[in-house]
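Let me begin by presenting the structure, written as structure tokens, before commenting on it.
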Amino acid sequence: MDEQRELNKALNVGLFSLVGAIIPLIGLILAIVAASLASNVPSNIHTQGKKHTVQLVATIAVILALLAGFGYYSLYKNQENQAAAQEQARVEQVQKAQRDAASAKSAQESNLSFCLQQADDNYWKYVKLNATSTKETADGPVYTAYQPVWDAAENTRTTAKDECFRRYPAL
């Protein structure tokens, strides 16, 4: 129902704008016809003044019709420019929102990655403090410790990673 009402409203505005464009054109045509008719009348003392008046009125009508047409065209162009500017502003707003969302997602991913790295770093700091290094390999030292040390380090890392995922959820 609302769509039909909006469509009728748009049709009425379109017809009104069409009438607004036609009226100056009709005035222009009538003024030219009046001037042409006045010029076809033979001149004598009695018709000279009226003929001059008709030609003056026709000239003024032509000027007014042209001004009205120019004014209508200017108003139409102004509305068209405003509509284009509004559309451009809307497009820029959408693009800015997309850039902001992408930036926020990138920052979120970066923060999550940093947080997870900190959890792993803290795991190894705890192991280094509470375990002993038994030998050195190409991959680094090998640590030995009682199971409760490994369990505590893993629980600390798991809790820290869970906190990271809670603080920086995926977007």
Revision key, fill the gap. Inside segment 123-138, the number of residues satisfying the requirement of being part of a helix (DSSP H, G or I) and not β-branched (Val, Ile, Thr) is 7
Review point. Across segment 140-171, which residue is surrounded by the fewest Cβ atoms within 10 Å (Cβ to Cβ) among those that are in a helix (DSSP H, G or I) and without any contact (Cβ under 8 Å) to a residue 12 or more places away in the chain?
Key: 147
Review point. Residue check, residue 137 against (1) modelled with pLDDT of 90 or more; (2) of a type in the set (Val, Ile, Thr); (3) surrounded by fewer than 10 Cβ atoms within 10 Å (Cβ to Cβ), all met but one. Which one?
Key: (1)
**Study point:** Which listed residue, of 127, 91, is touching a Phe, Trp or Tyr at 6+ places or on another chain (Cβ under 8 Å) and either in contact (Cβ under 8 Å) with a residue 24 or more places away in the chain or surrounded by fewer than 11 Cβ atoms within 10 Å (Cβ to Cβ) (or both)
**Key:** 127
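The values are calculated or read from the model by the stated rules, or taken from the named source; none is laboratory data. What you see is a predicted model; the values in this text were computed from it and never measured. As a convention, Cβ positions derive from the backbone with ideal geometry for all residues, glycine included, and neighbour counts pool all protein chains shown.
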